[in-house]
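Quick notes on the structure that follows.
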Amino acid sequence: MDEAAYISRALEGDLEAFNHLVLIYQDSAYNLAYRMLNDPDAAADVTQTAFIAAYRSLKSYRGGSFRAWVMRMVTNACYDELRRRKRHPTIALEPLNREDEEIESPAWLADNHLSPEEEIQMREIERAIIHCLQELPEDFRAVIIMVDVEGYNYSEVSQALGKPLGTIKSRLARARLRLRDCLAGFAELLPTRFRLGKEEIA
């Protein structure tokens, strides 16, 4: 049975079909949540919350990309968690595991073919990217993660975030500029071919 058939059956109340869709989308949902929140436990909780919300709201699905519709639940759950954190700030600067120990190399950026020296450099680059992503406003962060990291098209992001296509493109352009400017402060970590000259940054 193809994805469209599972969606059709899920909309008719078939829990098994919905669970199959969860298996299809759970990695993308978790990756988005993790990059938004920089916390594996919170990402797992948010992902679970989002799928529960999606199941309870199936009747509100009106066609289009089902993945984007699910990711809208994920981003909304992330925004709720980020608002909660602002009220009760306890955010770690680095991602932590379940034992509250710092994760030295997040799995989503791991590369098993790097030399020890390259692994050290990559770890520093990872820290810089994570830091700069977390510095972005929430709406900008969501757009750049979905487009540049997860590979969603503009229409899917527009549907997922409930914003017009023009708004998505504008936020993405501004997010890329902010991310570039932030990463310029870590230029010494980047391989030479990725460094921007002063005239490019200006």
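What follows is calculated from the coordinates using simple rules that are stated; it is not laboratory data. Predicted model only: the values in this text are computed from it and were never measured. Cβ: placed from backbone, ideal geometry, glycine included. Neighbour counts: every protein chain shown.
Annotations for the structure displayed:
- Evaluated on segment 47-91, the Kirkwood hydrodynamic radius is 11.4 Å, with distances taken between all distinct Cα atoms.
- Calculated FRET value between K163 and K86, using beta carbons and R₀ = 25 Å, to 0.05: 0.70
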